[in-house]
There are 2 protein chains.
Amino acid sequence: MRVPNHIGIIPDGNRRWAVDKGLSKENGYSSGLNPGLILYHLCKKSGVKELTYYGFTTDNTKRPANQRIAFTKACIDAVEMLSKEDAELLVLGNYQSPMFPKELLPYTKRKTFGKGGIKINFLVNYGWEWDLGSLTSNNSSNRKIISNCLKSYDISRVDLIIRWGGRRRLSGFLPVQSIYSDFYIIDDYWPDFNEDHYYKALEWYNTQDITLGG
Amino acid sequence: MRVPNHIGIIPDGNRRWAVDKGLSKENGYSSGLNPGLILYHLCKKSGVKELTYYGFTTDNTKRPANQRIAFTKACIDAVEMLSKEDAELLVLGNYQSPMFPKELLPYTKRKTFGKGGIKINFLVNYGWEWDLGSLTSNNSSNRKIISNCLKSYDISRVDLIIRWGGRRRLSGFLPVQSIYSDFYIIDDYWPDFNEDHYYKALEWYNTQDITLGG
C-alpha cells in the first residue's frame, strides 16, 4: 500500500457537533483533542512522515470572542499534548499578532520531543496572506526559490488532505503545499472521528493516480 | 438560487476518454471543444459573471510531444471559438516561454468580443510558480496588495470549481483565487460533458454554507 508521506488534517465541524448535542458552539472544540491524539498514533503506525493539523486561521479569529477563546485553548492543549509524544514539532502562524497565544511561542521553532521521528506541524493563527507575505522580489519563477521564501518553508508538499465536516474547500490551508494534494472529505464532524475514517482515506489515496501534472 | 459569481473549470479526463474509445491519448482533446462552448452558454444563461477554463499548465508541457501539440491546438481552437461569442476574454499564462502558442498572444490583454459581458479567463501554459513569481518585497500581509502583485491580478476569487474526470485535486489551479472555493467533482470525463453535470454542481453549490472562515 502506498502511504502518503505528508497528511494534512482539516478538523472541521466542532461547532455543528456541539449544536447537534444541544451545547453552545464554543463547547465543541475540547472534544477534538482526543481525535487528534488517536490520529497521531495511527499516522505514526502507518509510517506517515509528516502531519499538519489546521488549528485556526486569521479569518477564524473574527468569530465571537467566546468561540475564539475556546478554539485557542483547544490548540494550546493539543500542542502540549503532542509535545508529550515522539515528534519533531513546529507551531506555525503569525506569532506577532495578539491573537497568537503566548503559551505556544516556545514551539515556533521546530523542536524534537521524545524520540522525535514524525514531523508535526500545527497551524495556529495561520493566514495564507501571512504565509505568502514575505515572498521576495527576486522575481523568480523557480519553485524551490518561491517555496523557500514562504513563512511555511519548513513544511513540505502535502500528499493527502483529509477534511472532516463535509465541506469541500481548502479554507486557506497551505496554498503552495497543497497544489497537488489529493483531497478526501469525511461528512462526520471532527469530534465524531473514528479510526475507520483514517483507514478509508488511506485506501482511497492508494487508488489515486499521482501524476503531478505529467 | 444562489449562483456563483465565478466558476473555475478543470476539464480533465480527455486522455482516459480517448483510451476508453480505443483511440490514442492525444485524440481526446478536440472532443473537449464543444463541451466548453455549451458550458459557456449555460453560465451566461445562469448569470455567472466570470468563468475560468484550465487549459494547460507548465507541468503538462512535459508530456509526450504529440500530446502537447494536441492540447495546445485544442486551446487555440477553444479561444478562437470563444472569441466569436460575447465575452471579455483574457488568455493568461507564461507567454514568454516557447510553450505558449503565438496564435494566442493577441489575447493576453483582456479584450471585449461581441457585446462583452461575461469575463472569460483561459489559462494557457499557466504555472502557479509563474503566477506567484512576481510577488514583490513589500513584505506585506495585506491580501489586496498580494493579490494585485499576482500575474493573475485580473482574475477574481473563484466561488465554485468543477472538475471532471474524478480526480480530487487542484493541480495548481489559481492557488490564491481558490483559497475559499467550493470544489465539486464529476466522475465522467470532460468529453462526456452533459448539461446535467452543470446543473447538479449549481444545486450542490446552492446548499453550501459560505463562511469565508467566519
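Read the figures in this text as sums done on the coordinates, not as results from a lab. Computed from a prediction, not measured in an experiment: that's the story for all the values here. Every residue, glycine as well, gets a Cβ built from its backbone with ideal geometry; the counts of neighbours run over all protein chains shown.
Here are a few things to note about the model shown:
- Cβ-based charge dipole, the protein assembly as shown, positive-most Cα from B:Ala65, B:Phe122, A:Asn148: A:Asn148
- For the peptide A:179-188, the mean number of other protein chain Cβ atoms found within 10 angstrom of a residue's Cβ is 3.
- As a calculated quantity, the FRET efficiency between A:Asn148 and A:Leu37 at R0 = 25 Å, using C-beta atoms, amounts to about 0.20.
- Shortest-first distances to equivalent copies, position A:Val3, nm, label 7 Å out along Cβ: 5.0
- Highest-fluctuation residue, A:Leu105, A:Leu82, A:Leu150 considered, GNM on chain A with Cα pairs under 10 Å: A:Leu105
- Cα gyration tensor shape for segment B:53-102, rounded if a/c is under 1.5, else prolate or oblate: prolate
- Net length gained if the chain between B:Lys62 and B:Asn5 were fully extended (0.36 nm per residue, minus Cα distance): 17.2 nm
- When DSSP beta bridges are restricted to pairs lying wholly in the protein assembly as shown, around 10% turn out antiparallel.
- Counting every other Cβ atom within 10 Å of each residue's Cβ, B:Val91, A:Val3, A:Val158 order from fewest to most as A:Val3, A:Val158, B:Val91.
- Rounded, prolate or oblate (a/c below 1.5 giving rounded, otherwise prolate when a/b exceeds b/c) for segment A:6-206 by Cα gyration tensor: rounded
- Antiparallel DSSP beta bridges within segment A:32-143, as percent of all bridges there, nearest 5: 20
- B:Leu212-A:Leu23 FRET efficiency (beta carbon distance; Förster radius 22 Å; 0.05 resolution): 0.35
- Of all DSSP beta bridges in chain A, antiparallel share, percent nearest 5: 10
- Amide H to amide H distances under 5 Å link B:Arg168 with A:Phe183, where only residues 5 or more positions off or on other chains count and H is placed in the peptide plane.
- Here B:Arg157, B:Arg163 are placed in order of increasing Cβ neighbour count within 10 Å, fewest first, which gives B:Arg157, B:Arg163.
- Net charge dipole, segment A:1-89: roughly 280 debye, given to the nearest 20, about the Cα centre with Cβ charges of +1 for Lys and Arg and -1 for Asp and Glu.
- Counting other Cβ atoms within 10 Å as a rough exposure proxy, the listed residues A:His41, B:His6 run A:His41, B:His6 from fewest neighbours to most.
- In nm, spacing of pseudo-spin labels at A:Lys115 and A:Ser140 (7 Å Cα→C-beta vector): 3.8
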